[in-house]
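K.L.:
I have a structure here, written as structure tokens, and I will follow up with some questions on it.
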Amino acid sequence: MNSKSHLGHQAKKRFGQNFLHNDAVISDIIDAINPEPGENLIEIGPGLGALTEPVIERAKKLSVVELDRDLAHRLRHHPFLAPHLTIYETDALKFDFAQLASEDKPLRIFGNLPYNISTPLIFHLLTFKSQVKDMHFMLQKEVVQRMAAGPDCKAYGRLSIMTQYQCQVLPVMEIGPEAFKPAPKVDSAIVRLIPHKEIKNPVKDIAALNTVCLAAFNQRRKTIRNSFKNLISVEQLESLNIDANLRPENLSIDDYITLANFITDNPVQEDNKPKKSKRHMAKKQMTDSPNAVNPDMLD
């Protein structure tokens with residue numbers, strides 16, 4: 001039997017497709033999402049409807065964003081699901097989720113995300129955070145660990161800081177490869193993201209926060225005196241009460257906010273701003289598994 005075929009559909013490598021088929025796991029995920037009638041529910045990548053069908057059973061109505069035209073066609077002609085769906089056949093990375101939101105109905109977004117685009121998709125979705133109530137995603141386990149990691153931990157990096165600054169990050173459950181067809185070569189996990197209603201220590205410019213995180217974690221093995229040499233001098237670090245001999249993973253989110261606010265008030269020339277290192281750009285985004293994310297792409 002072809003392990004890449006499920007319910008008559010051939011999984012497509014370019015879309016990173018792995019389909020849930022374990023009923024117990026699906027039930028636990030739906031309980032974690034807890035969809036209710038009248039809510040503004042959006043599913044990214046509904047695929048063959050493993051989560052779609054039980055969500056509709058509870059909520060009666062659902063919007064879905066699906067890039068695969070074969071799967072979108074299948075959903076449009078599904079005898080039970082079609083009447084309850086609004087289907088957007090498009091790339092979620094380019095989709096304007098704000099068009100689905102309203103003041104009285106914030107978005108509740110969920111999905112089994114393609115692991116090879118999960119990080120940029122999370123960053124895209126965070127741009128709509130003011131219109132989002134919560135998000136529940138199936139991701140590579142390592143990605144969830146990085147999202148939830150704190151300082152002084154190898155998993156702590158740009159993804160940790162940028163996500164936690166904007167959201168409460170709550171790992172929900174771990175899921176083994178056997179719950180999918182085809183089975184990925186990595187473990188998976190569900191994470192709940194709840195955007196902060198208020199940020200106690202707001203950064204002046206979130207782009208600056210991303211800039212200092214890039215500078216730090218592009219060269220995470222170096223001390224910050226070297227990582228930030230094109231942004232902030234050792235003397236300036238000392239004036240901010242930040243030890244230049246620390247490594248990037250030793251700084252708290254508040255430290256990164258302090259650094260971001262400093263470069264906002266003391267802008268550097270464009271040529272000196274950090275970019276993704278050649279090491280990051282040269283490595284493949286995926287390993288030998290079609291949906292395993294290269295850890296170097298997650299900082």
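The values are calculated or read from the model by the stated rules, or taken from the named source; none is laboratory data. Note that the structure is a prediction, hence the values are computed from the model and not measured. A quick note on method: Cβ atoms are made from the backbone with ideal geometry, for glycine too, and the neighbour counts reach across all protein chains shown.
K.L.:
Can you name the residue in the stretch 229-242 that is free of Cβ contacts under 8 Å to residues at least 12 places away in the same chain and assigned to a helix (DSSP H, G or I) and is also surrounded by the most Cβ atoms within 10 Å (Cβ to Cβ) among such residues? Show your work before the answer.
P.N.:
Within the stretch 229-242, the subset free of Cβ contacts under 8 Å to residues at least 12 places away in the same chain is 229, 233-235, 238-239, 241.
Filter once more, so that each one left must be assigned to a helix (DSSP H, G or I): 234-235, 238-239.
On the way: VAL234: 15, GLU235: 8, GLU238: 11, SER239: 11.
Looking at the filtered set, the residue picked out is VAL234.
K.L.:
In the list HIS78, HIS124, which residue meets the criterion of being surrounded by 15 or more Cβ atoms within 10 Å (Cβ to Cβ), assigned by TED's automatic domain parsing to the domain that holds TYR156 and over 16 Å from the mean Cα position of the chain (by Cα)?
P.N.:
Going through HIS78, HIS124 in turn, just one is surrounded by 15 or more Cβ atoms within 10 Å (Cβ to Cβ), assigned by TED's automatic domain parsing to the domain that holds TYR156 and over 16 Å from the mean Cα position of the chain (by Cα): HIS78.
K.L.:
Would you say THR86 is closer than 22 Å to THR119 by Cα, hydroxyl-bearing (Ser, Thr, Tyr), in contact (Cβ under 8 Å) with a residue 24 or more places away in the chain and exposed (fewer than 15 other Cβ atoms within 10 Å of the Cβ)?
P.N.:
Values: closer than 22 Å to THR119 by Cα: no; hydroxyl-bearing (Ser, Thr, Tyr): yes; in contact (Cβ under 8 Å) with a residue 24 or more places away in the chain: yes; exposed (fewer than 15 other Cβ atoms within 10 Å of the Cβ): yes.
The answer is no for THR86.
K.L.:
Which of the residues spanning the stretch 64-75 are surrounded by 20 or more Cβ atoms within 10 Å (Cβ to Cβ) and touching a residue at least 60 places away in the same chain (Cβ under 8 Å)?
P.N.:
LEU71, ARG74
K.L.:
What residue, among those in the stretch 98-138 that are among the β-branched types (Val, Ile, Thr) and in a helix (DSSP H, G or I), is farthest from LEU193 (Cα to Cα)? Talk me through it step by step, then tell me what you get.
P.N.:
Quick first cut of the stretch 98-138, residues among the β-branched types (Val, Ile, Thr) only: 109, 117, 119, 122, 127, 132.
So of that shortlist, the ones also in a helix (DSSP H, G or I) come out as 117, 119, 122.
Numbers: ILE117: 17, THR119: 14, ILE122: 10 Å.
Per the stated criteria, the residue is ILE117.
K.L.:
Can GLU39 be described as of a type in the set (D, E, K, R), touching a residue at least 60 places away in the same chain (Cβ under 8 Å) and closer than 20 Å to VAL132 by Cα?
P.N.:
Values: of a type in the set (D, E, K, R): yes; touching a residue at least 60 places away in the same chain (Cβ under 8 Å): yes; closer than 20 Å to VAL132 by Cα: yes.
Considered against the rule, which asks whether it is of a type in the set (D, E, K, R), touching a residue at least 60 places away in the same chain (Cβ under 8 Å) and closer than 20 Å to VAL132 by Cα, GLU39 comes out as yes.
K.L.:
Could you check the stretch 139-228 for helices (runs of 4 or more DSSP H) lying wholly inside it with 1 or more residues that are free of Cβ contacts under 8 Å to residues at least 24 places away in the same chain, of a type in the set (Gly, Ala, Ser) and surrounded by fewer than 16 Cβ atoms within 10 Å (Cβ to Cβ)?
P.N.:
206-217
K.L.:
So which residues in the stretch 243-258 are in a loop (DSSP other than H, G, I, E, B) and under 21 Å from the mean Cα position of the chain (by Cα)? Please lay out each step first, then the result.
P.N.:
Applying the first criterion (in a loop (DSSP other than H, G, I, E, B)) to the stretch 243-258 yields 243-247, 251-252.
SER252 - this is the single residue of the stretch 243-258 that is in a loop (DSSP other than H, G, I, E, B) and under 21 Å from the mean Cα position of the chain (by Cα).
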